[in-house]
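Student: The structure follows.
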Amino acid sequence: VLALRDCGLEKVPDRVVSVAGLRVLDMSHNKLTSLPSSLSRLEGLKDLSLDANKLASLPAQICMLPRLETLSAPSNDLTSLPGAIGSLVKLRKLVLTGNRLTALPDSLCACSSLQLLDASRNRLAALPEALGQLGSLVELTLAENCLSAVPASTGSLRRLKDLDLRGNPL
């Protein structure tokens, strides 16, 4: 575990990607505007917390973390997600609350282990049609977006227990 919360970081220290066997990395509540592509060297990383930074995007290399189970990046300035996010087949929890996302990539629907997706307080106007392929999804929070409809495939989410669509013009 490497906790670098509230350290005033403006960039990720080079030493971070050299920590062998790192499983949990918390860089929340800093001033990060970007992440290094070398982050992909943290092959054992299971939990990445980037809450409350100034990130406008996530590097595509983040999708090369084969063991990543939790990606938490609320309260940033994210406008999109990497197109290859679907390669994170072990991802169970994705928290994107309070960003500037207008869409979620179709490839997200390939995250077959995803149990929790929170994309509330964004600018989402539509959802991927294949959302129903997220068969492990238990909690889907999309409150306070710009959604006027949800895909019919959402009805295929048999494990879904909590669907929050408050504050959308449905």
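The values are calculated or read from the model by the stated rules, or taken from the named source; none is laboratory data. Everything quoted here is computed from the prediction, not taken from an experiment. Here the Cβ is made from the backbone with ideal geometry for all residues, glycine too, and neighbour counts use every protein chain on show. In case anyone asks, the SASA skips ligands and DNA or RNA and just uses the protein heavy atoms, side chains included. Shrake-Rupley method; radii C 1.70, N 1.55, O 1.52, S 1.80 Å.
Student: Kindly provide the set of residues from the range 1-13 that are touching a residue at least 12 places away in the same chain (Cβ under 8 Å) and open to solvent by 20 Å² or more (accessible area, probe 1.4 Å), ordered by number.
Tutor: Those that are touching a residue at least 12 places away in the same chain (Cβ under 8 Å) and open to solvent by 20 Å² or more (accessible area, probe 1.4 Å): Val1, Leu2, Ala3, Leu4, Arg5, Asp6, Cys7, Gly8, Leu9, Glu10, Lys11.
Student: Residue under question is Gly155, and the condition is that it be open to solvent by less than 60 Å² (accessible area, probe 1.4 Å), over 23 Å from Leu78 (Cα atoms) and part of a loop (DSSP other than H, G, I, E, B); does it hold? It would help to see each step written out before you state the result.
Tutor: Values: open to solvent by less than 60 Å² (accessible area, probe 1.4 Å): yes; over 23 Å from Leu78 (Cα atoms): yes; part of a loop (DSSP other than H, G, I, E, B): no.
The answer is no for Gly155.
Student: Could you list, in sequence order, all residues of the range 2-32 that are in a strand (DSSP E or B) and within 22 Å of Leu88 (Cβ to Cβ)?
Tutor: The first filter runs over the range 2-32 and keeps only residues in a strand (DSSP E or B), leaving 2-3, 24-26.
Passing the criteria: Leu2, Val24, Leu25, Asp26.
Student: Among the residues of the range 152-160, are any closer than 25 Å to Ser49 by Cα and free of Cβ contacts under 8 Å to residues at least 40 places away in the same chain?
Tutor: yes
Student: With closer than 24 Å to Leu39 by Cβ, among the small types (Gly, Ala, Ser) and open to solvent by less than 20 Å² (accessible area, probe 1.4 Å) as the only criterion, which of Ala84, Ala73, Ala143 stands out?
Tutor: Sole residue among the options that is closer than 24 Å to Leu39 by Cβ, among the small types (Gly, Ala, Ser) and open to solvent by less than 20 Å² (accessible area, probe 1.4 Å): Ala73.
Student: Same structure, new question: For the range 17-34, how many residues meet the condition of being closer than 14 Å to Leu50 by Cα and β-branched (Val, Ile, Thr)?
Tutor: Residues flagged as closer than 14 Å to Leu50 by Cα and β-branched (Val, Ile, Thr) within the range 17-34 amount to 2.
Student: Given the condition touching a Pro at 6+ places or on another chain (Cβ under 9 Å) and within 19 Å of Leu96 (Cβ to Cβ), answer yes or no: does some residue in the range 62-69 qualify?
Tutor: yes
Student: Quick one: which residue in Leu117, Leu160 is assigned to a loop (DSSP other than H, G, I, E, B) and at negative phi?
Tutor: Details: Leu117 fails: assigned to a loop (DSSP other than H, G, I, E, B).
It is Leu160.
Student: Looking at the range 1-37, which of its residues are among the small types (Gly, Ala, Ser) and modelled with pLDDT of 95 or more?
Tutor: Passing the criteria: Ala3, Gly8, Ser28, Ser34.
Student: Test of understanding: among Ser112, Ser107, which residue is over 21 Å from Asn168 (Cα atoms) and under 13 Å from the mean Cα position of the chain (by Cα)?
Tutor: After ruling out the rest, the residue left standing is Ser107.
Student: Under the condition of being in a loop (DSSP other than H, G, I, E, B) and touching a helix residue (DSSP H, G or I) at 6+ places or on another chain (Cβ under 8 Å), which residue from the range 46-67 is least open to solvent (accessible area, probe 1.4 Å)?
Tutor: Result: Leu65.
Student: Right, here's the next one. Among the residues of the range 118-135, what is the count of those that are buried (at least 17 other Cβ atoms within 10 Å of the Cβ) and over 16 Å from Val95 (Cβ atoms)? Please lay out each step first, then the result.
Tutor: Just the residues of the range 118-135 that are buried (at least 17 other Cβ atoms within 10 Å of the Cβ), to begin with: 118-122, 124, 127-128, 131-134.
Filter again for over 16 Å from Val95 (Cβ atoms), leaving 127-128, 131-133.
The qualifying residues number 5.
Student: Looking only at the range 33-42, count how many residues are buried (at least 19 other Cβ atoms within 10 Å of the Cβ) and assigned to a loop (DSSP other than H, G, I, E, B). So that I can check it myself, show each step before the final result.
Tutor: The initial filter retains those residues of the range 33-42 that are buried (at least 19 other Cβ atoms within 10 Å of the Cβ), namely 35, 39, 42.
After this cut, where a residue has to be assigned to a loop (DSSP other than H, G, I, E, B) as well, the list is 35, 42.
Qualifying residue count for the region: 2.
Student: Could I ask something else about it? Give the residue that is most open to solvent (accessible area, probe 1.4 Å), with candidates limited to residues of the range 87-102 that are among the aliphatic types (A, V, I, L, M) and within 15 Å of Leu140 (Cα to Cα).
Tutor: So, considering only residues that are among the aliphatic types (A, V, I, L, M) and within 15 Å of Leu140 (Cα to Cα), the one most open to solvent (accessible area, probe 1.4 Å) is Val95.
Student: Out of curiosity, is Leu55 free of Cβ contacts under 8 Å to residues at least 40 places away in the same chain, within 29 Å of Leu163 (Cβ to Cβ) and within 11 Å of the chain's Cα centre (by Cα)?
Tutor: Here the answer is no, as Leu55 does not meet what is asked.
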